[in-house]
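Below: the structure, in C-alpha coordinates.
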Amino acid sequence: MEKVKCPNPKCGRRIFDIEERPPGKVVLEMKCRHCGEIIRVGFSPKMVHKKNRRQG
(Lines give C-alpha, C1' and ligand atoms only; values in the text may rest on other atoms or scores of the structure.)
Protein backbone atom coordinates (compact mmCIF):
# COMPACT_ATOMS: atom_id res chain seq x y z
CA MET A 1 0.00 0.00 0.00
CA GLU A 2 1.29 3.45 -0.91
CA LYS A 3 0.31 6.57 1.03
CA VAL A 4 -0.20 9.68 -1.13
CA LYS A 5 0.45 13.02 0.58
CA CYS A 6 -0.63 16.53 -0.42
CA PRO A 7 2.07 18.22 -2.53
CA ASN A 8 1.30 21.61 -0.93
CA PRO A 9 4.45 22.45 1.10
CA LYS A 10 2.35 24.05 3.86
CA CYS A 11 0.17 20.94 4.22
CA GLY A 12 1.93 17.66 3.34
CA ARG A 13 -0.75 15.57 5.04
CA ARG A 14 -1.99 12.22 3.73
CA ILE A 15 -4.82 12.48 1.19
CA PHE A 16 -5.48 8.81 0.41
CA ASP A 17 -3.89 5.37 0.05
CA ILE A 18 -3.40 3.22 -3.04
CA GLU A 19 -3.89 -0.53 -2.66
CA GLU A 20 -3.17 -1.57 -6.27
CA ARG A 21 -1.92 0.42 -9.24
CA PRO A 22 -4.18 0.50 -12.29
CA PRO A 23 -2.95 -1.20 -15.48
CA GLY A 24 -3.04 2.06 -17.49
CA LYS A 25 -2.83 5.80 -16.84
CA VAL A 26 -5.38 7.36 -14.48
CA VAL A 27 -5.62 11.02 -13.39
CA LEU A 28 -7.59 12.08 -10.32
CA GLU A 29 -8.38 15.67 -9.46
CA MET A 30 -9.53 16.23 -5.91
CA LYS A 31 -9.62 18.81 -3.15
CA CYS A 32 -7.39 18.24 -0.13
CA ARG A 33 -9.70 18.13 2.87
CA HIS A 34 -6.98 19.55 5.11
CA CYS A 35 -5.75 22.65 3.21
CA GLY A 36 -8.43 23.12 0.50
CA GLU A 37 -5.97 23.02 -2.45
CA ILE A 38 -7.08 21.24 -5.61
CA ILE A 39 -4.62 18.44 -6.32
CA ARG A 40 -4.04 16.44 -9.52
CA VAL A 41 -2.68 12.96 -8.96
CA GLY A 42 -1.70 10.87 -11.95
CA PHE A 43 -1.07 7.13 -11.72
CA SER A 44 0.81 4.95 -14.13
CA PRO A 45 1.81 1.34 -13.55
CA LYS A 46 5.22 2.45 -12.21
CA MET A 47 4.83 5.98 -10.75
CA VAL A 48 2.55 8.44 -8.95
CA HIS A 49 2.69 12.04 -10.21
CA LYS A 50 1.37 14.84 -7.96
CA LYS A 51 0.73 18.47 -8.87
CA ASN A 52 -0.98 21.45 -7.22
CA ARG A 53 -3.55 23.41 -9.19
CA ARG A 54 -4.05 26.95 -7.96
CA GLN A 55 -7.59 27.82 -6.89
CA GLY A 56 -9.00 30.65 -8.92
Considering region 19-42, residues that are basic (Lys, Arg) and surrounded by 14 or more Cβ atoms within 10 Å (Cβ to Cβ), and then whichever is farthest from Pro7 (Cα to Cα), we arrive at Arg21
Determine, yes or no, whether Pro45 is touching a residue at least 40 places away in the same chain (Cβ under 8 Å) and either on the phi > 0 side of the Ramachandran plot or open to solvent by 30 Å² or more (accessible area, probe 1.4 Å) (or both).
no
Across region 31-48, the tally of residues that are modelled with pLDDT of 90 or more and either assigned to a strand (DSSP E or B) or β-branched (Val, Ile, Thr) (or both) stands at 2
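The values are calculated or read from the model by the stated rules, or taken from the named source; none is laboratory data. This is a predicted model, so every value here is computed, not measured. FYI the Cβ positions are ideal-geometry reconstructions off the backbone, even for glycines, and counts take in every protein chain you see. Areas reflect the complete protein model, heavy atoms only, side chains present, ligands, DNA and RNA absent. Shrake-Rupley method; radii C 1.70, N 1.55, O 1.52, S 1.80 Å.
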